[in-house]
Amino acid sequence: MTQHDDQIEKLGGILKDFRFAMLTSIADDGKLVGHPLTVQEREFDGSLWFIIDRDASASAHVSKRPDVGVTFSGDSSWVSLAGTATIVEDDAKLQELWGPGLDAWFPDGPTDSDAVLLEFVPEGAEYWSSPGGKSATLFSFVKAKVTGETLEGDNAKIEL
């Protein structure tokens, strides 16, 4: 396995811990707009999938300007992805990814005409992680402050 493969595997391991993402798109006036979304597929296979309203601003933005950013933030790890988003009409994939929580937004379930898939394919990523979770991160911060040593953690940029 190459170092690049190891980094992608590590990225996939970090991503599986996140449920919510912030997709940043570009509006017609050129301004950046953030959209909180729920990741629908937990295994990273090169794409991230979201289910959105076809009339949502995110849908309109990516239809015109598909270059977007997707970020994740947690207690001990952070990920920033840059890539391309596409609106996908695929009833079988929509059915496969559907979860009961989506019924609050789409009362007719996966057959709701407003529900559409957004596929995000990253081209590059950067991640930061601190070992051991929230309490270990706090301990590492305090230790670095007291000793003057650099904060422990892991950071890498990956071209996908």
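The values are calculated or read from the model by the stated rules, or taken from the named source; none is laboratory data. Source: prediction; values computed, not measured. Glycine also receives a Cβ, built like all others from the backbone with ideal geometry; neighbour counts cover every protein chain displayed.
Please verify whether THR84 is assigned to a strand (DSSP E or B), touching a residue at least 40 places away in the same chain (Cβ under 8 Å) and surrounded by fewer than 18 Cβ atoms within 10 Å (Cβ to Cβ), treating the condition exactly as stated.
For THR84, the condition - assigned to a strand (DSSP E or B), touching a residue at least 40 places away in the same chain (Cβ under 8 Å) and surrounded by fewer than 18 Cβ atoms within 10 Å (Cβ to Cβ) - is not met.
Of the residues SER59, SER77, SER73, which single one is under 24 Å from GLU159 (Cα atoms) and surrounded by 17 or more Cβ atoms within 10 Å (Cβ to Cβ)?
None of the others qualify; the one that does is SER77.
Just checking: which of the strands (runs of 3 or more DSSP E) contained wholly in region 1-57 hold 2 or more residues that are closer than 19 Å to SER73 by Cβ and hydroxyl-bearing (Ser, Thr, Tyr)?
Strands (runs of 3 or more DSSP E) meeting the threshold: 20-26.
Quick one: how many residues across region 29-41 are surrounded by 11 or more Cβ atoms within 10 Å (Cβ to Cβ) and not hydroxyl-bearing (Ser, Thr, Tyr)?
Counting residues in region 29-41 that are surrounded by 11 or more Cβ atoms within 10 Å (Cβ to Cβ) and not hydroxyl-bearing (Ser, Thr, Tyr) gives 8.
Tell me, please, whether a residue that is of a type in the set (Gly, Ala, Ser) and without any contact (Cβ under 8 Å) to a residue 40 or more places away in the chain can be found in region 41-49.
The answer is no, given that none of the residues of region 41-49 is of a type in the set (Gly, Ala, Ser) and without any contact (Cβ under 8 Å) to a residue 40 or more places away in the chain.
Just checking, how many residues over region 94-132 are in a helix (DSSP H, G or I) and among the charged types (D, E, K, R)?
2
List the pairs whose first member sits in region 146-159 and is more than 20 Å from SER80 (Cα to Cα), whose second member is in a strand (DSSP E or B) and at pLDDT below 70, and whose Cβ atoms are under 6 Å apart, counting only residues at least 6 apart or on separate chains?
Note: no pairs meet the criteria.
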